[in-house]
Structure formats: structure tokens, C-alpha cells
Amino acid sequence: MTGKSCSLTSQEILDTYFLENRARLLEIASFLDRLDRAADAGEVRGEYRRRAFEKALALLLEPGGERTKAIQLLFSDPSSEPIESALGLKATGAWGGENAGN
Amino acid sequence: MRVIDPHMHLVSRTTDDYLALAYGGIHTVAEPAFWPGFDRASAASFHDYFHQLTVTEPARAARFKIRHYCWIGMNAKEAEHLELAREVIAMLPQYLDRPNALGIGEVGLNKNSRNEIAIFEEQVELAARRNELLLIHTPHLEDKLKGTRIIMDILKNEPRVTPERVLIDHAEEHTIGEIKDNGFWYGLTLYPDSKGSPARAIDAVEIFGPDRICINSSADWSVSDPIATLKCANEMRRRGHPEALAERVFFENPRDFLGQSPKFVLP
Ligand SMILES: [Zn+2]
């Protein structure tokens, strides 16, 4: 943890934020279940957004208070060269790699 | 509570939203020029838009005693149309001279393409020449880190632009540190689906401190919330922070950044 501490105690943080984050966790679980229930579930397992999402889930369990930044970096394009043209491209939320066209 | 929202796209909002701002104490707003959700066909469309930003919206806001300022610029989303983009850059000075125009913005990058970079660099040159404040749009999602770094390199290469006169907007957890280390102001955007939440914004205030941070709603034509700054201030109270800290982040900081333009006056 590099920064300043939160103004609340652990108990206060749990009292304030547990329920809303419990609900978010269930949303994520049902999103993954929905992907598994899709007719073509077997074919999309390796899709770059799904792979990035699963790697991000593993980062949630890392200790140290820098999970948010680590997940942001995981989803980011790590390259530094400009792309030739932006025409027809839009951000998808995860970096697809050199040949993914984004 | 007094609040300045330094980034709202009011041309896309209803008059009811202005009423909600007034009821909530958001009495000063600044509207950057941006992309309307479609690519414009000609320079005439930009003339109309800049007229709307400098004449129509201030009048609409004044009905509710809200002070409306704006930023004038050529956005990155339409930079691939190089010829039109350059035609627009040539018309910027006449609108930058208008009484509510605080500087050049929001300009920057969207997908980090060569044409976006060229159009951004030309506007940094214009800002340097005219000594204008700069409001920077950083790319969304996976393109943000790369784009923020390219933008900062361009800005650092222009000695006439000083970092305290630049706000780099839509910062997130992975870009705030580098922006702050380079001496720029930074903006956090409260955008329900794709950017930050009130809780994450207040986390940033706790982690990075209240210096050089401005928090905005970026309320526009997409899913967004014109009173998001009020909800974020409430998040600060929910954590037991003093009222003076909320005043600092939601009023004094945007006042100090925008106030570097002599046109920005509070009553
Ligand atoms: Zn904007």
C-alpha cells in the first residue's frame, strides 16, 4: 500500500460497503454463469476479454492494497507506438494484443 | 454547499437538468467542446456548435443563475478527417476570444493514432502561442495509459506550456500517479458505466491527497449524471471527512485551476 489510509476503520468499511459489494460479486458470478449457459459457450472461452477478465479475478485475491491499479494495468495496451488510423476502431475495455486490431 | 462542475456537456442536457444543478448548489459549470456522437460533415457545423457553447448555453444557464464557461477545441474523435480538423483549428481563435471561453479543450487523444497526435500537437502549439489554458481528454479504457503517456510527452516537449496550466482529464488509478508526478492538474470523471464511481474518486483523494484534483460529472448525451459531483461530495461525508475537504475538492480546486483564466470570475 503506497498511499494514505482510509478515514474509516475496517469495521466501518464493512458496515458501509459490504452489502453493495456482495451484490456486485453476485453480478459477476451470474455474468460468468450466463457466459457458460450461452449456446456457443465452448467456442468463446479464449476470447481476449474473457481471458483478461479471468486474470483480473485472480488479481482480486492479491494482498497489498493495489488491486485496482493492477487490474487497470492488466486491461491496458502496454505498447507505446501510435496506431496508423483510428477509423472504425473503438475501445472494448481490454487490450486484445498486437493483432487484435485495437 | 458550493460546487463547480468543471466538465459538463450541457448542450446535451435538458433544461430540467439546469434546474437540478441550481437546486443542488452547482452554480458554476465549464463545458468543453467535444464530439456529438456522430462525425460532423462540415466546418459550418462547428461554427454552429461553438456559437451554441459561447452564446446559447450561457444564456440558458443564466436563467437559473448558473455561470456557464466553455472550452473551445477540435476533439480527437474527428481528427481522422484531417482536412476538416485543420479547417476547424483555423477558426478556433475567433471563438477563444469570446467572453466565456477559458482555453483550448477538450483536446487530446482517443485511439492514439497518428492523425490524432498531429491534430493535438497543432492545438498545443496554438495554446502555447496564445498562452491558453489546456483541458486534455485522455482515451477511454484500454487505450488510456498509452494515450496519457503520449500526451504528457508532447506537453513536456513544449516549454511554453507549463503543467500548472494544464488539466489532464478522465484520469484513473493507473494514470493519476504519473500525471501528478509531472506537475499537471488531473480530473476524475464520475461516469456510471465506464469511468469512476464516487467511492473510487474519494479513494483517490485519500490516496493521492487533495492537491490539483478536480472531480467532474462529464454529463453528456450518454449514460451520465449531472449531479454526480453532489453524490461524490456525499460519499466524502459518509466517510467522515470534514466539510472543508469537500469544499476544497469540489469548489476551491476547480476555482483555482479555472481562475488562471482572467475571464473566470465568481461573484
Ligand atoms: Zn467531455
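Points worth noting:
- Solvent-accessible area lost on pairing A with B (1.4 Å probe, both sides summed) amounts to about 2500 Å².
- The calculated FRET efficiency for residue B:23 paired with residue A:58, based on their beta-carbon distance and R0 = 35 Å, is about 0.20.
- For region B:251-256, backbone phi angles converted through the Karplus equation (6.51, -1.76, 1.60; θ = phi - 60°) give residue-by-residue couplings of 10, 5, 4, x, 4, 5 Hz, Gly and Pro being listed as x.
- Only one residue of B:229, B:1, B:218 has its Cα farthest out toward the positive end of the dipole of chain B, where Lys and Arg carry +1 and Asp and Glu -1 on Cβ, and that residue is B:1.
- Selected from A:18, A:75, A:53 as most flexible by GNM, with chain A as the system and alpha-carbon contacts under 10 Å: A:18
- Annotation note: trypsin sites (Lys or Arg not before Pro) in region B:49-142 located in DSSP loop regions with a Cβ neighbour count of at most 10 within 10 Å are B:65.
- Area of residue B:27 that stays accessible when all protein chains are in place (1.4 Å probe, Å², to 10): 70
- Taking θ as phi - 60° and the Karplus parameters 6.51, -1.76 and 1.60, the scalar couplings of region B:127-134 work out to 4, 5, 5, 9, 6, 8, 5, 10 Hz in sequence order, x denoting glycine and proline.
- Contact-buried residues of region B:191-228, at a threshold of 20 Å² lost accessible area versus the chain by itself: B:206, B:207 (1.4 Å probe; DNA, RNA and ligands ignored).
- Dimensionless Rg over Rh [the protein assembly as shown; C-alpha; Kirkwood]: 0.96
- Based on Cα contacts under 8 Å between residues 6+ apart, region B:159-267 shows a relative contact order of 22 percent.
- Here residue B:256 sits with roughly 70 square angstrom of accessible surface, probe radius 1.4 Å.
- Counting only protein heavy atoms and a probe of 1.4 Å, the accessible surface of chain A is 57% carbon and sulfur.
- Highest-MSF residue in chain B out of B:13, B:40, B:239 [GNM, Cα springs under 10 Å]: B:239
- Placing unit charges on the Cβ atoms of the charged side chains and taking the dipole of chain A about its Cα centre, the candidate lying farthest along the positive direction among A:28, A:8, A:79 is A:8.
- Å² of accessible area per residue within chain B, as computed with a 1.4 Å probe and no ligands counted: 36
- Shielding of peptide B:136-142 by partners, expressed as the average count of other chain Cβ atoms within 10 Å per residue Cβ, is 5.
- Chain A: relative contact order in percent, alpha carbon pairs under 8 Å with at least 6 residues between: 25
- CD proxy at 222 nm, helix term only [per DSSP H run n ≥ 4: -39500 (n - 2.57); per residue of chain B; nearest 500]: -12000 deg cm²/dmol
- For chain A, the 222 nm mean residue ellipticity estimated from helices alone, with every DSSP H stretch of n ≥ 4 adding -39500 (n - 2.57) and the total spread over all residues, rounds to -16000 deg cm²/dmol.
- Table column - 3J(HN,Hα) (Hz), region A:80-87, Karplus curve with 6.51, -1.76, 1.60, x for Gly and Pro: 10, 7, x, 8, 5, 8, 9, 4
- The label point for residue B:114 and the one for residue A:73, both projected 7 Å from the Cα toward the Cβ, are 3.1 nm apart.
- For chain A, the solvent-accessible area works out to 72 Å² per residue, with a probe of 1.4 Å and every protein chain left in place.
- Per-atom-type breakdown for chain B gives carbon and sulfur 53% of the accessible area (1.4 Å probe, protein chains only).
- In region B:231-258, burial by the other protein chains removes 30 Å² or more of 1.4 Å probe accessible surface, compared with the chain on its own, from B:238, B:239.
- Per-pair calculated FRET efficiency, R0 = 51 Å: residue B:83 and residue B:237 via Cβ, rounded to 0.05: 0.50
- Over chain B, relative contact order from alpha-carbon pairs under 8 Å, at least 6 apart, %: 20
- For region B:101-124, a drop of 10 Å² or more in accessible area on going from the chain alone to the assembled protein chains (1.4 Å probe) is found at B:111, B:112, B:113, B:114, B:117.
- Rg in Å to one decimal, and Dmax rounded to a whole Å, for region B:140-248 via C-alpha atoms: 14.3, 43
- Only beta bridges with both residues in region B:1-133 are counted; by DSSP, about 0 percent of them are antiparallel.
- The amide H of residue B:185, built 1.01 Å from its N in the peptide plane, has B:166, B:168 as neighbours under 5 Å, considering only residues 5 or more places off or on other chains.
The values are calculated or read from the model by the stated rules, or taken from the named source; none is laboratory data. Given the structure is predicted, the values throughout are model-derived calculations rather than measurements. For neighbour counting, all protein chains shown are included, and Cβ atoms are generated from backbone atoms with ideal geometry for every residue, glycine included. Accessible surface is based on the protein model in full, side chains and every heavy atom, while ligands, DNA and RNA are left aside. Shrake-Rupley method; radii C 1.70, N 1.55, O 1.52, S 1.80 Å.
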